[in-house]
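Here is the structure we will look at, set down as structure tokens.
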Amino acid sequence: MTKELHRCKWAGTDDLYVKYHDEEWGKEVHDDHTLFEFLILESAQAGLSWITILRRREGYRKAFANFDVTKVAEFTDADVERLMNDAGIIRNRLKILAAINNAKLFIEVQKEFGSFDKYLYSFMPDGKSINNHSGLTPASTPISDAISKDMKKRGFKFFGTTICYAHMQATGMVNDHVPDCSFK
């Protein structure tokens, strides 16, 4: 007898969304490479739907050197022009420039804290992720407010509190799966 699967409603029926929901969303990540990937993707999402970015994820992977933070930090004006002509990503000059800027700042944070992961978790209660059992999914929290405020002060772009909270959800800093979700 197989147990019936229950998912968060937002996952819908789109295969890509369902796979993302089941395999990634809310799962704890402590790898700086993946944290940088989601920094790029979540920042690109500003003002757009997540599925729009998820469908272009492979395009972003190719365009942004497999999310190698050191390589992205070294992108030049020629790379910006190359990216502006890349149909595999969202061709927004400000977001592209922000990705390069954020890569440089990401490296600075790594130097200061030892890892970007340590930096992010320095904002978390007792340095641990949060498992939200309320069934409510906020757009932001006091923690995402604090992280985004600090990151803005450091010069990061396209990473306000709502984008920050989405990053926290994507990387499992907070598990917002609804209580009856099979993937909680």
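The values are calculated or read from the model by the stated rules, or taken from the named source; none is laboratory data. For clarity, every value in this text was computed on a predicted model and none was experimentally measured. Every residue, glycine as well, gets a Cβ built from its backbone with ideal geometry; the counts of neighbours run over all protein chains shown. All accessible areas refer to the heavy atoms of the entire protein, side chains included, with ligands and DNA or RNA removed. Shrake-Rupley method; radii C 1.70, N 1.55, O 1.52, S 1.80 Å.
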Exercise for the section: Taking 7 Å along the Cα-to-C-beta vector as the label spot, tell me the ASN66-GLU81 distance in nanometres, rounded to one decimal. Expected result: 2.8 nm
Completion exercise
Subtracting the Cα-Cα distance of GLU58 and LYS104 from 0.36 nm times their residue separation yields 14.3 nm
Problem - Computed helical MRE - 222 nm, the chain, DSSP H runs ≥ 4 contributing -39500 (n - 2.57), nearest 500 - result: -15500 deg cm²/dmol
Fill in the blank from the handout: Probe 1.4 Å, heavy atoms of protein chains only: per residue, the accessible area of the stretch 70-184 in Å² is 50 Å²
Exercise for the section: Extending each Cα 7 Å along its Cβ direction at LEU16 and ALA146, get the distance between those two points in nm, one decimal. Expected result: 3.6 nm
Completion exercise
Relative to the chain, whose Cα atoms define the longest principal axis, helix 161-170 and its Cα axis are tilted in degrees, nearest 10, by 60 degrees
Completion exercise
Taking only the Cα positions of the chain, the convex hull volume per residue in Å³ is 121 Å³
Fill in the blank from the handout: Two pseudo-spin positions, 7 Å from Cα along C-beta at ASP180 and at LEU94, lie apart in nanometres by 4.2 nm
Fill in the blank from the handout: Counting only protein heavy atoms with a 1.4 Å probe and every protein chain in place, the carbon and sulfur fraction of the accessible surface of the chain in whole percent equals 54 percent
Practice task
For the stretch 1-108, run through the chymotrypsin sites (Phe, Trp or Tyr not before Pro) and keep only the ones in DSSP coil with at most 15 other Cβ atoms within 10 Å of their Cβ.
Solution key: none
Completion exercise
Any trypsin sites (Lys or Arg not before Pro) in the stretch 14-82 that lie in a DSSP loop and have at most 15 other Cβ atoms within 10 Å would be LYS27, ARG55
Handout entry: Rg(Cα) / (2.2 N^0.38 Å) computed for the stretch 24-101, rounded to two decimals
Key = 1.04
